[in-house]
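Following: one structure in structure tokens, then a few remarks.
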Amino acid sequence: MMVVKAWSKSVLNHFYWAVKSTPSGPDEVNIKKAKWMSLKNHVVNKHQHDDLLFPKCAHPKLRATEERKKKWLKRDSEPHLKFQNVMFKKQLMEDIGNCSSIGQTSRIESYHSVVNHFAPKMIHFHYENMLCRLLLAVMHYNENCGRDTKGLSIVYPKFKHGGYTVRKILEDPSYSYVNQMFDMLESGDYRKVAVVAPPTLSADKQHPDKVQAFAEFKKRSRFN
């Protein structure tokens, strides 16, 4: 089954391509499924398909040297049948059809990382402090979320077991929003806003009497 494992990276790349390259429209779901189903023929070196929504592979014609390097499966062989059983399960097909081509989460995950930098989860902040840190995180992210790429690097994640990933090296972040805030403070061009902390989640709950609570705790403690 090593020949099937050799296709794992290509299958993952095909998954992302099939979803991201499909525009929104009435046939969006069916086109995604048709692109995914093309794997059945592609892995046996057949690049024409019966589905009219995706009649042939989108890649250019492979050169002879590229064809020889590929570990093609034999049609209807045991590896090919097992490959189909895994790749074309009903639930997986439904998931692929419903994957969003525009709603990727990388940006929101990047923003959450910035928030965690300004307001670490392991530290407790009062409401006013948390609000200020969140506002700083928003300003920092808005200023730096579109940084240009100044180069590329190769990293070797452990989960790839020797495989590599090419990553972008972004330009250094800027902090002009800090200078703008200082300029506003010096010029007096700002408006004070009273911050009223909302009630805590337990504010409307009935609080127990401490003496009674401590006494009940001691009764059920195994150390007494």
Q. Which one of 19, 4, 11 is aliphatic (A, V, I, L, M), farther than 23 Å from residue 82 by Cβ and not in a loop (DSSP other than H, G, I, E, B)?
A. 19
Q. Would you call residue 127 at pLDDT 90 or above, open to solvent by less than 90 Å² (accessible area, probe 1.4 Å) and of a type in the set (Ser, Thr, Tyr)?
A. no
(Q) So the check is Cβ under 8 Å with 6+ separation or different chains; which pairs have a first residue in the range 161-183 that's over 22 Å from residue 114 (Cα atoms) and a second one that's assigned to a strand (DSSP E or B)? (A) 164/154; 164/155; 165/154; 165/155; 166/152; 166/153; 166/154
Q | Filter result for the condition that a residue is touching a residue at least 40 places away in the same chain (Cβ under 8 Å), loosely packed, with under 13 Cβ neighbours inside 10 Å and under 23 Å from residue 165 (Cβ atoms), over 21, 8 | A | 21
Q: Say whether the condition of being within 16 Å of residue 3 (Cβ to Cβ), modelled with pLDDT of 90 or more and under 29 Å from the mean Cα position of the chain (by Cα) is met by at least one residue in the range 17-39.
A: yes
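Report, by residue number, each residue of the range 130-174 that is out of contact with any Ser or Thr (no Cβ under 9 Å at 6 or more places or on another chain), assigned to a strand (DSSP E or B) and at pLDDT 90 or above.
Quick first cut of the range 130-174, residues out of contact with any Ser or Thr (no Cβ under 9 Å at 6 or more places or on another chain) only: 130-140, 142, 146, 148-153, 158-165, 172-174.
Restricting the remaining residues to those that are assigned to a strand (DSSP E or B) gives 149-153, 165.
Scanning the range 130-174 gives 149, 150, 151, 152, 153.
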Q.
Here is a check on your reading of the model: is residue 123 over 23 Å from residue 20 (Cα atoms) and β-branched (Val, Ile, Thr)?
A. yes
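The values are calculated or read from the model by the stated rules, or taken from the named source; none is laboratory data. A quick note: this is a predicted structure, and the numbers were derived from the prediction, not measured. All Cβ positions, even for glycine, are placed from backbone atoms using ideal geometry, and neighbour counts span all protein chains on display. Calculation scope for accessible area: heavy atoms of the full protein, side chains included, ligands and nucleic acids excluded. Shrake-Rupley method; radii C 1.70, N 1.55, O 1.52, S 1.80 Å.
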